[in-house]
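Notes for the one structure printed next.
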Amino acid sequence: MAHASSFCRGTWSSNWTIPAIGGRQSGWGDLLGGVVIVMRRVETGEYHSGEVPLELFQGPAFKEQLYREKALEIALKGIERLQITKEEPLHVCSGYILSKIRDELQAEGYEIVTVKITGLTQDLAEREFKRSLVRRGVGDEGTVSEMRSFDAYLGWVMEDLDGRERFVKTGWKAWPRLKKSRDS
């Protein structure tokens, strides 16, 4: 029997699943940090994760959508590391950051199933995203967990805009407006 895998802004499981965190590629819809991509085989729990760095969501790199290339690179490394075959369906979250993954893997002959990723795979992606924020220096795990909403992140940044804007996905069109609204 073939396994399946999943992707979502942040994860991939088996059936392989690929979700993502924070907008649910973990991090995509979040103001802070990069985006975590997780690939997880549901049956065994084995997984691969990687981070699309924050810098790809700032400045010219964001406008050029380099984050999509990095997401694909993470997925290809995961396919190799986890020895995923073309006979295994890949469940990939519908998030935009994963669109290049869906398109490229389908063109290479993989069976791609677009789904909403939930459960253990999404939890894993969320955990990896929080850890990425801790590594970046946003705070300890408890602090990051307490802040786990867009408004909480925004409030935290605005408490020390000069010192914390470096943690923000400043490439978003909404960022200048959000920043200005707090100045008013």
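The values are calculated or read from the model by the stated rules, or taken from the named source; none is laboratory data. Everything numeric here is computed off the predicted structure, so don't read it as measured data. Using ideal geometry, Cβ is built from the backbone for each residue, glycine included, and neighbour counts are taken over all protein chains shown.
Being among the small types (Gly, Ala, Ser), in a helix (DSSP H, G or I) and modelled with pLDDT of 90 or more is the filter; apply it to the range 120-168 and report the residue that is farthest from Leu54 (Cα to Cα). Give the derivation first.
Residues of the range 120-168 that are among the small types (Gly, Ala, Ser), as a first pass: 125, 132, 137, 139, 142, 145, 149, 152, 155, 163.
Narrowing further to those that are in a helix (DSSP H, G or I): 125, 132, 142, 145, 152, 155, 163.
Those still in the list that are modelled with pLDDT of 90 or more too: 132, 142, 145, 152, 155, 163.
Details: Ser132: 10, Gly142: 21, Ser145: 19, Ala152: 18, Gly155: 19, Gly163: 16 Å.
Among residues in the range 120-168 that are among the small types (Gly, Ala, Ser), in a helix (DSSP H, G or I) and modelled with pLDDT of 90 or more, the one farthest from Leu54 (Cα to Cα) is Gly142.
All but one of (1) within 17 Å of the chain's Cα centre (by Cα); (2) free of Cβ contacts under 8 Å to residues at least 24 places away in the same chain; (3) surrounded by 14 or more Cβ atoms within 10 Å (Cβ to Cβ) hold for Ser149; which doesn't?
The number of the failed condition is (3).
Six or more apart or on different chains, Cβ atoms under 6 Å: show the pairs whose first residue is in the range 152-177 and more than 16 Å from Ala61 (Cβ to Cβ) and whose second is charged (D, E, K, R) and in a helix (DSSP H, G or I).
Matching pairs, first to second residue: Val157/Arg164; Met158/Arg182.
Only one residue in Ile117, Ile97, Ile84 is assigned to a helix (DSSP H, G or I) and either in contact (Cβ under 8 Å) with a residue 24 or more places away in the chain or more than 21 Å from Glu51 (Cβ to Cβ) (or both), so which one is that?
Ile97
Taking only the range 113-129 into account, find how many residues are crowded, with 22+ Cβ neighbours inside 10 Å and not small (Gly, Ala, Ser).
Of the residues in that region, 6 qualify.
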